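Input: a single structure, listed below in structure tokens.
We did not get these values from a lab; they are worked out from the coordinates using the rules stated. Given the structure is predicted, the values throughout are model-derived calculations rather than measurements. Using ideal geometry, Cβ is built from the backbone for each residue, glycine included, and neighbour counts are taken over all protein chains shown.
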Amino acid sequence: MRLIALVLVAAAGGFSLAESPPQSTPKASDTYTAECSFSNPAYSGHCGVSEKVSRSVSPGAACQNVLSCLNNSQCTKTYCNATTIRGGWKLESAKAPR
């Protein structure tokens, strides 16, 4: 009878036989800052964005994420002096620090 109760408790999520791995926080050495440059005919001046990302992400991918936001009217993140221009942006360069 105890075995049945134990199985029922385990199935209901009462406990786990396997421990989950501890959550780790990224270390400073696990990240870097990608330097992105964007242009838009409706925006005057330079739009440079420094994006802190995981070392597993390429500068191009990091900057592409920012570009997606700049071209999406639903994105609420602020870039390029908090511009409200959402559309027509082009990625000019994506670099990692040397």
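So what are the ³J(HN,Hα) numbers for segment 73-85, from phi and the Karplus equation (6.51, -1.76, 1.60; θ = phi - 60°), rounded to whole Hz, Gly and Pro as x?
With the stated coefficients, segment 73-85 comes to 5, 7, 6, 9, 5, 10, 9, 6, 6, 6, 4, 9, 6 Hz.
Only four residue types carry charge here, +1 at the Cβ of Lys and Arg and -1 at the Cβ of Asp and Glu. Report the dipole size of segment 29-98 about the Cα centre in Debye, rounded to the nearest 20. Show your work: numbers first, answer last.
Numbers: 7 positive and 4 negative charges, 4 e Å.
I would put it at about 20 debye.
Among residues other than SER39 whose Cβ falls under 12 Å from its Cβ, what is the net charge (Lys/Arg +1, Asp/Glu -1)? Kindly include the intermediate steps, with their values, before the conclusion.
Details: positive: LYS90; negative: GLU92.
Around SER39, the charge tally is 0.
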